[in-house]
1. Tally Lys/Arg at +1 and Asp/Glu at -1 over every other residue whose Cβ is under 10 Å from the Cβ of ARG188; what's the total?
2. Quick check: net charge around CYS16, other residues with Cβ under 13 Å of its Cβ, Lys/Arg +1 and Asp/Glu -1?
3. Run the simple label-point estimate for LYS174 and LEU73 please: 7 Å along Cα→C-beta, distance reported in nm.
4. For SER254, what residues show an amide H to amide H distance below 5 Å, using hydrogens built from the backbone and excluding near sequence neighbours?
5. Net charge within 14 Å of SER259 by Cβ-Cβ distance, Lys/Arg positive one each and Asp/Glu negative one each, not counting SER259 itself?
6. So what J values fall out for the stretch 40-47 if you push phi through Karplus, 6.51 cos²θ - 1.76 cosθ + 1.60 with θ = phi - 60°, rounded to Hz, Gly and Pro as x?
7. Amide H of THR219 versus every other amide H placed in the peptide plane: which residues, excluding those fewer than 5 positions away on the same chain, fall under 5 Å?
8. Quick one: if you stick a label point 7 Å off each Cα along the C-beta vector at PHE46 and LYS225, how many nm between them?
Amino acid sequence: MSDSLDLNPHWTVCTCNNCSGHLEFDASNAGTAIQCPHCGMETVLFVPKVPAAPAKRGLAWSSKGWLLLGGVLAAGLLLVFFVSTPRDSQSRPAAPTAEQQSATNNASQASPTPSSQPAIAQITNRHVEPVTGAFGWNLGDRLPDNLTARQNEKSFGWSFFSMDPPPTPTPYFKMFRLEVTRDRRICRIIADGVLEEPNKWLEVAGGLDAVLYDKYGRTRTNHYKLGDHSFRTYFYGGNGREARLEVEANLEGSPSSPSPFARVGLDYTDTALCDIAEAEKAEAKKAAAEATKKAAKSAL
């Protein structure tokens, strides 16, 4: 293949050998010596050789670019492959089994968050019996006719107060109160006393607790302190009839009572009858308010 390119199959152009003027001639006359019409000097006609067009660099660079891009993509794929592939089964912990997860949950439930409140020790006894009563009085019995119950102005309930020994006297207790329904059924038996020997308050608490525990069964206890006062509370019975024993002591004394002090209290409760008594109290309070309102209107 020739490296020249003819501009016309018959005519071509060359330059004067002397003045470089352009000369157009028939290509078949190439090699003929003529007089240049521009400078008048002799020159030889020739068919000029047209240099071949240089290779397009854009195409070559494009190929290199594609090769470079392919290499980058291949390296990226290899990197993703190595990162996503686990290296060693021992390098990462195994997921917990269902049994292990269940054991963890049970352990977390068995260890509750500590509370700032005094801890209540739940003690379940194998025999828990509803309490019946104390000091010769029984829950649910009607107050004897010879005892007068009066309405408590603060609570609008009915109570019998006694400073005299009850039918069955018991050491440590000196003050008694019976709360009754409107038809005189006993719903609460409350006894209080002040210990003559305060230093023996734990001994007294233990002795009373042993008797009540053996008779009714203890459900729970609560031991706590409020300032200089120490408290021990015990709960007995169940099924709507419960008893609560509370012993309080302040062996350091206080500004109001410089001497050591200890008190014991016992409270028997029939929940169903107390609910009736509370409803009657609310009714009595409402009736008293309406009577006061009516009296105020009539006065105006």
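1. -2
2. Working: positive: none; negative: GLU24, GLU42.
Cβ neighbours under 13 Å give a net charge of -2.
3. 10.3 nm
4. Under 5 Å from the amide H of SER254: SER259.
5. On the way: positive: ARG263; negative: GLU196, GLU197, ASP228, GLU252.
Residues near SER259 contribute -3 overall.
6. Once rounded to whole Hz, the list reads x, 9, 6, 8, 9, 6, 8, 8.
7. Under 5 Å from the amide H of THR219 lie the amide H atoms of PHE235, TYR236, GLY237, each far enough along the sequence or on another chain.
8. Roughly 12.5 nm, to one decimal.
None of the figures in this text is laboratory data; all of them are computed from the coordinates on show. All values reported here derive from a predicted model rather than from experimental measurement. A quick note on method: Cβ atoms are made from the backbone with ideal geometry, for glycine too, and the neighbour counts reach across all protein chains shown.
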